[in-house]
Amino acid sequence: MSTLKNLTQSVIEGNVEQVKDQVRSLIAGGVNPVEIVNQGLIAGMNVVGARFKAGDMYVPEVLMCARSMGAGLELVKPLIAEKDVQNKGKVVIGTVKADLHDIGKNLVSMMMQSGGLEVIDIGIDVSPEKFIEAVREHKPDVVGMSALLTTTMPAMKDTIELLEEEGLRDKVKVIVGGAPVSQEFATSIGADGYAPDAATATDLCKEYIG
Ligand code: B1M
């Protein structure tokens with residue numbers, strides 16, 4: 001059986017096939033899928049993030065690491081998501097306009113689904129208008145926005161303002177998250193909540209839905 005440490009190393013190397021083999025091996029060996037995500041896949045991405053910041057890794061390499069992490073997530077997703085199929089409420093989630101980062105958002109979606117929430121994932125680069133369209137179409141209890149760039153955080157505020165203008169703000173709770181987002185920022189833009197990670201985001205939605 002592979003180890004979580006080997007899996008972390010394969011994410012750092014951006015080796016998609018090796019990540020898939022190791023995740024399959026860990027699943028077959030009975031390792032908890034949540035541990036595979038947190039201690040294997042995310043641990044690898046954390047190292048990648050630090051190296052990228054330090055200028056030791058470049059965008060194409062980071063993209064390969066992101067792909068390998070995504071491939072690993074796809075394999076564990078059904079195991080986590082099928083644990084609890086009760087529908088406890090509906091969430092529309094997306095990464096805001098001009099932001100293409102989707103790993104964290106996908107992880108949040110996955111955890112929410114595993115927590116019994118119905119999740120409508122509207123993808124990346126989602127404009128305020130697209131969020132409004134999705135709220136009208138799906139009538140969710142909660143709207144979740146993810147942003148990874150300081151330059152795209154203002155799109156969260158724009159979306160909340162458009163919800164207000166369209167008379168929809170009191171129909172949904174809004175939660176925000178992503179590495180540069182903070183509780184202070186969430187409060188300043190009028191979001192209902194902020195979550196630093198996927199588990200907290202799930203708990204927050206459940207708390208709102210009751
Ligand atoms: Co980008 N990138 N990136 N990148 N990238 C960051 C974000 C950066 C911090 C790296 C750095 O310089 N240190 C930096 C932003 C700096 C800033 O704004 N201050 C940066 C930059 C600059 C860029 C580009 C501009 C680079 C360039 O082109 N020169 C470019 C922008 C593209 C765009 O979006 N328009 C870019 C591109 C990319 C890649 C395409 C190569 C790739 C993304 C691939 C993909 O997502 N499919 C990428 C990656 C992978 C990263 C880093 C290395 C890792 C992000 C990640 O996936 N983390 C990142 C560095 C870092 O964050 N340390 C970086 C793992 C993930 C599990 O964590 O997304 O934080 P995270 O999600 C967490 C929580 O934040 C939270 O829960 C998740 C699970 O715990 N969360 C929520 C997230 N969303 C939530 C929503 C919620 C609640 C919680 O409620 C709704």
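The values are calculated or read from the model by the stated rules, or taken from the named source; none is laboratory data. Everything quoted here is computed from the prediction, not taken from an experiment. Positions of Cβ are generated from backbone atoms using ideal geometry, with glycine treated the same way; all protein chains shown enter the neighbour counts. Calculation scope for accessible area: heavy atoms of the full protein, side chains included, ligands and nucleic acids excluded. Shrake-Rupley method; radii C 1.70, N 1.55, O 1.52, S 1.80 Å.
Anyone know which of Q22, Q39, Q113 comes out most mobile in the 10 Å Cα GNM of the chain?
Largest GNM mean-square fluctuation: Q39.
Using modelled amide H (1.01 Å from N, peptide plane; none on Pro or chain starts), what sits under 5 Å from the amide H of K173, excluding residues fewer than 5 places away?
V142, V143
Do any GluC sites (Glu not before Pro) in the range 107-190 lie in a DSSP loop with no more than 16 other beta carbon atoms within 10 Å, and if so, which?
Details: sites: E118, E129, E133, E137, E161, E164, E165, E166, E184; in loops: E166.
Taking the range 107-190 and a limit of 16 other Cβ atoms within 10 Å, the loop GluC sites (Glu not before Pro) found are E166.
Mind putting a number on the dipole of the range 42-115 about its Cα centre? Charges go on the C-beta only, +1 for Lys and Arg and -1 for Asp and Glu, and I need it in Debye to the nearest 20. The partial results should precede the final answer.
On the way: 9 positive and 7 negative charges, 43 e Å.
In debye, rounded to 20, the range 42-115 gives about 200.
Could you give me the ³J(HN,Hα) list for the range 197-210, computed from phi with Karplus coefficients 6.51, -1.76, 1.60 and θ = phi - 60°, whole Hz, x at Gly and Pro?
After applying 6.51 cos²θ - 1.76 cosθ + 1.60, I find 8, 5, 5, 5, 4, 5, 4, 4, 4, 4, 4, 5, 6, x Hz.
Probe of 1.4 angstrom, ligands and nucleic acids ignored: what's the accessible area per residue over the chain, in square angstrom?
49
At a Förster distance of 30 Å, what's the computed FRET efficiency of S25 paired with A98, Cβ-Cβ distance as r, to 0.05?
0.20
Using only Cα atoms, find the angle between the long axis of helix 128-138 and the longest principal axis of the chain, and express it within 0 to 90 degrees, rounded to the nearest 10.
90
If you plug each phi of the range 57-63 into the Karplus form 6.51 cos²θ - 1.76 cosθ + 1.60 with θ = phi - 60°, what whole-Hz ³J(HN,Hα) values come out, in order, with x for Gly and Pro?
Per-residue couplings from phi come out as 9, 10, 3, x, 5, 4, 4 Hz.
I132: accessible area at probe 1.4 Å, nearest 10 Å²?
The accessible area comes out at roughly 10 Å².
At 0.36 nm per residue, and after removing the present C-alpha to C-alpha distance, how many nm does the segment from E207 to D56 gain when stretched out fully? Numbers along the way, then the final one.
Details: separation 151, 0.36 × 151 = 54.36 nm, distance 4.13 nm.
Value of the extension gain: 50.2 nm.
With label points built 7 Å along Cα→Cβ from the Cα atoms of R67 and E137, find their separation and express it in nm.
My value for the distance between the label points is 2.8 nm.
In the chain, what percent of the accessible surface is made up of carbon and sulfur (1.4 Å probe, ligands and nucleic acids excluded)?
Of the solvent-accessible surface of the chain, carbon and sulfur hold 53 percent.
How long, wide and thick is the chain, going by the Cα atoms along their three principal axes, in whole angstroms, largest first?
54, 42, 26
Tell me the net charge near N106. Cut-off is 10 Å between Cβ atoms, N106 excluded, with +1 for each Lys or Arg and -1 for each Asp or Glu.
Residues close to N106 contribute a combined charge of -1.
Mind jotting down the distance between the C-alpha centroids of the range 98-119 and the range 180-210, whole Å?
For the range 180-210 versus the range 98-119, the Cα centre distance is 14 Å.
Give me a comma-separated list of calculated 3J(HN,Hα) values for the range 166-176, in order, Karplus coefficients 6.51, -1.76, 1.60 applied at θ = phi - 60°, integers in Hz, x for any Gly or Pro.
For the range 166-176, the Karplus-derived couplings read 8, x, 10, 4, 7, 8, 9, 8, 10, 10, 10 Hz, x marking Gly and Pro.
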